[in-house]
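Student: Can you keep this structure in mind? I'll have questions shortly.
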C-alpha cells in the first residue's frame, strides 16, 4: 500500500504556480529523497504532507494528498492530529530553549500526556533511538543548547520520534552539520527506515544516493523524474535529470 | 594611463576624512552625554547623602531629603507597568501571532505609532479629563499610573512585537509539527524565547516613564506632602515634578539649588540603572537562550 500519495496536485503562492500537477506515490517504510535546484518546489512539497504551508497566507492547493489513503486536505481533517502523525526535522537544528529532557517531552505534553512515567519512558526510548542516550543520559536537565550541532539535530529527531509518528519529514537535515555528524544522521535514517516512512529534501546528491530508496527530481515546480534511486542516478531517463545529477546545472 | 600611486593616495585621503568626520560626530555625542552627566554629578553630588534619600523635605523644601518623591516615582512606575505591561504584551501577541498582514494590522500599527507621537502634556490633559474627573479617581496615584501607562503602552507594544518577530519561525514550525496548538506554541515556545527582549523593553520603558513630568502634572503630582501616600487614591510627590517645583516655584529657589541638582542626579541614576539592568538582563538571558 502507498503510504503517501499525491494526485494531480497543484500549489500556488498567490499567483506563483509553485507545484505543477504532481503525481507521486511513496511506499511505506522507505526513504524517498526529493532533489532539485533551489526554488524548485521540493521543500514546499514536503511541507504539504503535514500541512505546514497552511501557516502561510494566500496559498491555494488543488488535487489531493493522501496519507494512508485519506485525503489530508479534506474538510474536517484534524490538522494537529495529522501533524502528530508526521514528525518533522528542519534544516538548522532548532531545539527549544529548554532542557534536553523537556525538548523530547514537549510533544508528549502538548498532546495531553501527563503521566510522568510514560513521559520518562518515551523520552528515554526516543533518545536511545537516535543513539544519543549515552552522550546525554547524565545531563538530561541541562539546556539543549549545550549540545553540539550534530547532537542537537539528533535530539530534534528524537523529539519528533517521541510522539510516535509513522512518517518523518526531513528538510535538508544535515545542511548545517559537519561531515561526521552528517554521516551519523545518515546512519540513523537508514536504521529508522524499518519503522518509519521517511521523506528527505536534500541538496546533496551523494546523500540522496546513499540514504534513499527512491528519488524524485523537481525542476521549476514540476516533477521531472521519479524512480528507484539506483535507477535515477545510474540511468536517468530525462536529459535534465542527467544534467543535474552530473552537476552540469543547478 | 592612470597614476596608480596618485589614485591610491586620494583614496586614502578620502578615507581618512570620512573616517575622521564620523569619528568626530560619534565622539561628540558621547561628549554631550558626558558633559550633562558631569554637570549634574558635580553640582548634585554634594547634596547626596543617606539623609537626602531617606528624609522628608524640611523648611519649605530648602533642606531635608526627597524620600517621598522617590517613593512616589517608584509607585508610579510600578502602577504604570502593572497597567501597560500586560495589555501591551497581549496586544503585541495579537498583532504578531494572530492578525494576518493586511489592513487591520496596518491600522493598529499606525494607531500605536501615532499614540507614541502624541506629546506627553496631551496625555496629561487626557488623563486629567478621563481618570481624574470623569472616572472620579481625583488627583491620585491611580490616575497618574494609568496616564503614564498609556504613555508607555506603545513602547511596550513595539518592543514586544520586535521581540516576538525575532523568534525564528522554525521554532514555531517545530512546535506545530509536534501537534501543538497555536496557544500552546505561543505559551511554551515563543514567549520563553522572546522573554529576555520583552523584559528589556519593559525596563527601558520604566526609564522613560520615571522621567516624565507632563503626564503626572495634572493627575497625581503634589507640590508638597507632609506624609507618604497610603492608598492608590492618594496624591504623591514624584522626582521629575519635584525637580520642576523646587527650581521654579519653591520658597527659596537659590537656597534649594543643591537639592534640585541632587534630585536630578537621583533621577538620572534611576534611569541609568534601569538601562544598565536592561542590558545586563539581555546579556544574561541571551546566553541562556542562544540561537545558533
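The values are calculated or read from the model by the stated rules, or taken from the named source; none is laboratory data. Everything numeric here is computed off the predicted structure, so don't read it as measured data. No Cβ is skipped: glycine too gets one built from the backbone with ideal geometry, and neighbour counts run over all protein chains shown.
Student: So residue A:31 passes all but one of these: (1) within 14 Å of chain B (Cβ to nearest Cβ); (2) within 26 Å of residue A:220 (Cβ to Cβ). Which condition number does it fail?
Tutor: Evaluating residue A:31 over (1) within 14 Å of chain B (Cβ to nearest Cβ); (2) within 26 Å of residue A:220 (Cβ to Cβ) leaves (1) as the failure.
Student: Can you confirm whether residue B:164 is at pLDDT 90 or above, in the same structural domain as residue B:79 (by TED's automatic domain parsing), surrounded by 15 or more Cβ atoms within 10 Å (Cβ to Cβ) and within 29 Å of residue B:238 (Cβ to Cβ)?
Tutor: Details: at pLDDT 90 or above: yes; in the same structural domain as residue B:79 (by TED's automatic domain parsing): yes; surrounded by 15 or more Cβ atoms within 10 Å (Cβ to Cβ): yes; within 29 Å of residue B:238 (Cβ to Cβ): no.
So residue B:164 fails the test.
Student: So, one more: How many of the residues in the stretch B:82-134 are more than 29 Å from residue B:187 (Cβ to Cβ) and either surrounded by 13 or more Cβ atoms within 10 Å (Cβ to Cβ) or over 23 Å from the mean Cα position of the chain (by Cα) (or both)?
Tutor: So the first thing to find is which residues in the stretch B:82-134 are more than 29 Å from residue B:187 (Cβ to Cβ), and the list is B:114, B:117-134.
Applying the additional criterion that residues be either surrounded by 13 or more Cβ atoms within 10 Å (Cβ to Cβ) or over 23 Å from the mean Cα position of the chain (by Cα) (or both) yields B:118, B:120-121, B:123-134.
Summing the residues that are more than 29 Å from residue B:187 (Cβ to Cβ) and either surrounded by 13 or more Cβ atoms within 10 Å (Cβ to Cβ) or over 23 Å from the mean Cα position of the chain (by Cα) (or both) in the stretch B:82-134 gives 15.
Student: I'd like to check something: does the stretch A:225-232 contain any residue that is farther than 16 Å from residue A:32 by Cα and part of a helix (DSSP H, G or I)?
Tutor: Filtering the stretch A:225-232 down to residues farther than 16 Å from residue A:32 by Cα leaves none.
No, every residue in the stretch A:225-232 fails to be farther than 16 Å from residue A:32 by Cα and part of a helix (DSSP H, G or I).
Student: Now, a different point. Go through the stretch A:110-146 and give me each residue that's on the phi > 0 side of the Ramachandran plot and away from every other protein chain (no Cβ under 14 Å).
Tutor: So the first thing to find is which residues in the stretch A:110-146 are on the phi > 0 side of the Ramachandran plot, and the list is A:112, A:131.
Hit for the stretch A:110-146 is A:131, nothing else.
Student: Which residue out of B:233, B:171, B:195, B:218 is at pLDDT below 90 and within 14 Å of chain A (Cβ to nearest Cβ)? Can you show your working first?
Tutor: On the way: B:233 fails: within 14 Å of chain A (Cβ to nearest Cβ); B:171 fails: at pLDDT below 90; B:218 fails: within 14 Å of chain A (Cβ to nearest Cβ).
Step by step, each of B:233, B:171, B:195, B:218 is checked, and only B:195 is at pLDDT below 90 and within 14 Å of chain A (Cβ to nearest Cβ).
Student: When you look at residue B:148, is it part of a helix (DSSP H, G or I), under 13 Å from residue B:209 (Cβ atoms) and more than 14 Å from every other protein chain (Cβ to nearest Cβ), yes or no? Steps first, please.
Tutor: Values: part of a helix (DSSP H, G or I): yes; under 13 Å from residue B:209 (Cβ atoms): yes; more than 14 Å from every other protein chain (Cβ to nearest Cβ): yes.
Yes; evaluated as a whole, the condition is true for this residue.
Student: Next up: Restricting the search to the stretch A:9-49, which residues are assigned to a helix (DSSP H, G or I) and without any contact (Cβ under 8 Å) to a residue 60 or more places away in the chain?
Tutor: Within the stretch A:9-49, A:44, A:48 meet the criteria.
Student: Assuming residue B:73 fulfils every condition listed in (1) closer than 16 Å to residue B:243 by Cα; (2) surrounded by 13 or more Cβ atoms within 10 Å (Cβ to Cβ); (3) at pLDDT below 90 apart from one, which condition is it?
Tutor: Here residue B:73 clears every test but (3).
Student: Which residue out of A:239, A:186, A:222, A:231 is out of contact with any helix residue (DSSP H, G or I) (no Cβ under 8 Å at 6 or more places or on another chain) and surrounded by 15 or more Cβ atoms within 10 Å (Cβ to Cβ)? Write out each step before concluding.
Tutor: Numbers: A:239 fails: surrounded by 15 or more Cβ atoms within 10 Å (Cβ to Cβ); A:186 fails: out of contact with any helix residue (DSSP H, G or I) (no Cβ under 8 Å at 6 or more places or on another chain); A:231 fails: surrounded by 15 or more Cβ atoms within 10 Å (Cβ to Cβ).
Answer to the check: A:222.
Student: So, residue A:97, is that one outside any helix (DSSP H, G or I), within 11 Å of chain B (Cβ to nearest Cβ) and more than 14 Å from the chain's Cα centre (by Cα) or not?
Tutor: Working: outside any helix (DSSP H, G or I): yes; within 11 Å of chain B (Cβ to nearest Cβ): yes; more than 14 Å from the chain's Cα centre (by Cα): yes.
Answer is yes for this residue.
Student: Among the listed residues A:107, A:87, which satisfies the condition of being in a strand (DSSP E or B), within 10 Å of chain B (Cβ to nearest Cβ), under 21 Å from the mean Cα position of the chain (by Cα) and closer than 22 Å to residue B:184 by Cα? I'd like the intermediate steps shown before the answer.
Tutor: Working: A:107 fails: in a strand (DSSP E or B).
On inspection, the qualifying residue turns out to be A:87.
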